[in-house]
1. Return the residue satisfying two criteria in turn: it lies in segment 193-213 and is within 18 Å of the chain's Cα centre (by Cα) and among the aliphatic types (A, V, I, L, M), and of such residues it is surrounded by the most Cβ atoms within 10 Å (Cβ to Cβ).
2. For residue 149, only one of the following conditions fails: (1) under 30 Å from residue 31 (Cβ atoms); (2) touching a His at 6+ places or on another chain (Cβ under 8 Å). What is its number?
3. Please count how many residues of segment 221-250 are aliphatic (A, V, I, L, M) and either in a loop (DSSP other than H, G, I, E, B) or open to solvent by 30 Å² or more (accessible area, probe 1.4 Å) (or both).
4. Filter segment 54-104 down to the residues that are modelled with pLDDT of 90 or more and open to solvent by less than 20 Å² (accessible area, probe 1.4 Å) and list them by number.
5. Going through segment 227-280 one residue at a time, which ones are charged (D, E, K, R), in contact with a Pro (Cβ under 9 Å, 6 or more places away or on another chain) and in contact (Cβ under 8 Å) with a residue 12 or more places away in the chain?
6. When you scan segment 132-158, how many residues do you find that are free of Cβ contacts under 8 Å to residues at least 12 places away in the same chain and exposed (fewer than 13 other Cβ atoms within 10 Å of the Cβ)?
7. Any idea which residue in segment 172-185 is farthest from residue 50 (Cα to Cα), counting only those that are open to solvent by less than 30 Å² (accessible area, probe 1.4 Å) and touching a helix residue (DSSP H, G or I) at 6+ places or on another chain (Cβ under 6 Å)?
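The values are calculated or read from the model by the stated rules, or taken from the named source; none is laboratory data. Remember, predicted model here, so these are calculated numbers, not experimental data. Note that each Cβ is placed from the backbone with ideal geometry, even for glycine, and that neighbours are counted across all protein chains shown. To get the accessible areas, we keep the full protein, side chains included, count just its heavy atoms, and leave off ligands, DNA and RNA. Shrake-Rupley method; radii C 1.70, N 1.55, O 1.52, S 1.80 Å.
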Amino acid sequence: MSDSSPEQQTGREGAQASAAPTRDDQDRSPAIPELVIISGMSGAGRSTAAKCLEDLGWFVVDNIPPELIPPMVDLGARSQGNVARIAVVVDVRGRRFFDNLKESLAALDAAQVKRRIVFLESSDEALVRRFESVRRPHPLQGDGRIVDGIDAERDLLRELRGDADLVIDTSSLNVHELRAKMDAQFAGEEVPELRATVMSFGFKYGLPVDADLVVDCRFIPNPHWVPELRPYTGLNEEVSNYVFSQPGAKEFLDGYAELLRIVAEGYRREGKRYVTIAVGCTGGKHRSVAMSEKLARRLVSEGVETVVVHRDMGRE
């Protein structure tokens, strides 16, 4: 005979009844978590990028074997919404598993998992400087030099870099600037259809390595040779007016904006969500800055969330 009261028995029966799955529960498919795969060059900031996502509420796993990614996503789907966003770091420390990454990505696509690849890039000079500053060897250098390990890693990661949705060049970024870039891409509650970074640069300082598209504005007469405009930048109204009063400047802006509209539609169809458009002139101070500002406004008017970065302004 039970010692519990009728109210207690009723409470337990009610709890059991509420725990029993309904037909709607049985028919409802588990929610598949959103997935971000973080990879890239050793020393380029993968750990910082992962910590940033962790701070934003993502479930982050570092250096997971690629063949375990699909099972982890499946477990997340069974968590009743407790694990809605997963980020995994894949790098050459797990190189014996790296060959399985392609198969794992194919399995994720077959399961209709919404996935993105973030690739952290950096110049050889910056990577060598970082490894030397912490007095650690590159994971692939073996008995060779740091640069040997970097070359081997670039070869290994070349195909993955080409498939990346977002490439971030950290050569000239500090930790705070990298976190700001990650926040800009992932902090929003809603993911826009397409995000663009329009970056002005100077050819004399080299091409941005993370550029998807490169525009050359050196066909426009240079305001540098106009004494009253030389001290200013393309953010100045007088400089901008000068640039767009030159033959072909407005036509170029109109034509390239139309081309980007076509490209953006193709990127959306292919599932690409991030694009970096590099706009260059000689020094990255006048023409490229003015053109970047105008181009960014056109993109915004087309519904593309756009960030403008002037990489080399102020370096002269």
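1. The initial filter retains those residues of segment 193-213 that are within 18 Å of the chain's Cα centre (by Cα), namely 193-199, 208-213.
With among the aliphatic types (A, V, I, L, M) added as a condition, the list becomes 194, 196, 198-199, 209, 211, 213.
Values: 194: 20, 196: 25, 198: 28, 199: 24, 209: 14, 211: 19, 213: 15.
Restricting to residues being within 18 Å of the chain's Cα centre (by Cα) and among the aliphatic types (A, V, I, L, M), the top hit is 198.
2. Of the numbered conditions (1) under 30 Å from residue 31 (Cβ atoms); (2) touching a His at 6+ places or on another chain (Cβ under 8 Å), the odd one out for residue 149 is (1).
3. Initial filter on segment 221-250 (aliphatic (A, V, I, L, M)): 226, 229, 235, 239, 243, 249.
Pick out the ones that are also either in a loop (DSSP other than H, G, I, E, B) or open to solvent by 30 Å² or more (accessible area, probe 1.4 Å) (or both) and you get 226, 229, 235.
Number of matching residues: 3.
4. 58, 69, 73, 86, 87, 88, 89 - these are the residues of segment 54-104 that are modelled with pLDDT of 90 or more and open to solvent by less than 20 Å² (accessible area, probe 1.4 Å).
5. 273
6. Taking segment 132-158 as the starting set, the residues that turn out to be free of Cβ contacts under 8 Å to residues at least 12 places away in the same chain are 133-136, 141-145, 148, 151, 155, 158.
Right, trim to exposed (fewer than 13 other Cβ atoms within 10 Å of the Cβ) and you get 133-136, 142-143, 155, 158.
Qualifying residue count for the region: 8.
7. Pass one, segment 172-185, residues open to solvent by less than 30 Å² (accessible area, probe 1.4 Å): 178, 182, 185.
Restricting the remaining residues to those that are touching a helix residue (DSSP H, G or I) at 6+ places or on another chain (Cβ under 6 Å) gives 178, 182.
Working: 178: 11, 182: 9 Å.
The selected residue is 178.
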